[in-house]
Amino acid sequence: MSIAGVTIAIRPAASGDVAAIDALLRTVFPRADEADLVRQLCIDGDMVLMMVAVDEDADENGGALVGAVAFSRMTVEVGGKAIAAVALAPVAVAEDYRRQGVAEALVHAGIERIEAARVVLCFALGESAFYARFGFHADYAKNFASPYAGEHLMALPVQGGLMPCGERGVAAHAAAFARLG
């Protein structure tokens, strides 16, 4: 993608991106909670996918990491059966790159990849105005047993927009989320 004459590459994170992701999260958010969350998700083996945005023109060493989005494992049941589900969090974009489509490109690329991996539902917790543009809605998350239940817990049926039928059961985020302040 190109914004204001700058080439931004969206790709899965690589092991060499770890320090830059941590630095981005610590810069973008007022507290270290999100950086700590991502680190713990990785340590616990619950990180399913991390996508990054790289400004390829920013640095002679292959670019500067300017955005990231994480998708982590969840335990979700519908109709008494476990279904493949992930949580989208956090999403971060460096200040100079905001409101230019970087976050949207990261989220869209991540959703495409989790759909290809046969994930059924993706949950997000946050502002409905932001997440609605991707198809997330609180109605899809309604009636799941979650400590985050309410108007800010949204879900997106990933497989062609088809919501699984059956009684909603648990929608449990990875254990690292419970450690957030």
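The values are calculated or read from the model by the stated rules, or taken from the named source; none is laboratory data. Here the structure is a predicted model, which is why all the values come from computation and not from measurement. All Cβ positions, even for glycine, are placed from backbone atoms using ideal geometry, and neighbour counts span all protein chains on display. The area values use the complete protein model at the heavy-atom level, side chains included, leaving out ligands, DNA and RNA. Shrake-Rupley method; radii C 1.70, N 1.55, O 1.52, S 1.80 Å.
Quick grid of which residues meet (1) modelled with pLDDT under 95; (2) over 14 Å from the mean Cα position of the chain (by Cα):
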residue: K81; (1), (2): no, yes
residue: Q100; (1), (2): yes, yes
residue: A124; (1), (2): no, no
residue: M154; (1), (2): no, no
residue: M163; (1), (2): yes, yes
residue: A174; (1), (2): no, no
### Task
Answer yes or no as to whether E34 is touching a strand residue (DSSP E or B) at 6+ places or on another chain (Cβ under 6 Å), surrounded by 22 or more Cβ atoms within 10 Å (Cβ to Cβ) and either part of a helix (DSSP H, G or I) or at pLDDT 95 or above (or both).
yes
### Summary
Filter the range 150-174 for residues that are hydrophobic (A, V, I, L, M, F, W, C) and open to solvent by 60 Å² or more (accessible area, probe 1.4 Å); the one that is nearest to V86 (Cα to Cα) is L162
### Message
Six or more apart or on different chains, Cβ atoms under 9 Å: show the pairs whose first residue is in the range 160-174 and within 18 Å of G135 (Cα to Cα) and whose second is hydroxyl-bearing (S, T, Y) and surrounded by 13 or more Cβ atoms within 10 Å (Cβ to Cβ).
### Response
M163/Y140
#### Entry: Odd one out for D55, checked against (1) touching a helix residue (DSSP H, G or I) at 6+ places or on another chain (Cβ under 8 Å); (2) more than 18 Å from Y148 (Cβ to Cβ); (3) modelled with pLDDT under 95; (4) surrounded by fewer than 17 Cβ atoms within 10 Å (Cβ to Cβ)
(4)
### Task
Please specify each residue of the range 21-40 satisfying the condition of being closer than 13 Å to V69 by Cα and in contact (Cβ under 8 Å) with a residue 40 or more places away in the chain.
I21, L24, L25, V28, E34, L37, V38
### Query
In the range 5-28, what residues are within 16 Å of R98 (Cβ to Cβ) and surrounded by 12 or more Cβ atoms within 10 Å (Cβ to Cβ)?
V6, I8, I10, L24, L25, V28
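Regarding M47, is this residue open to solvent by less than 30 Å² (accessible area, probe 1.4 Å) and modelled with pLDDT of 95 or more?
Against the criterion (open to solvent by less than 30 Å² (accessible area, probe 1.4 Å) and modelled with pLDDT of 95 or more), M47 does not qualify.
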### Query
What pairs can you find where one residue is in the range 114-140 and within 13 Å of L162 (Cα to Cα), the other is open to solvent by 40 Å² or more (accessible area, probe 1.4 Å) and among the β-branched types (V, I, T), and their Cβ atoms are less than 9 Å apart, with a gap of 6+ or different chains?
V119/V48
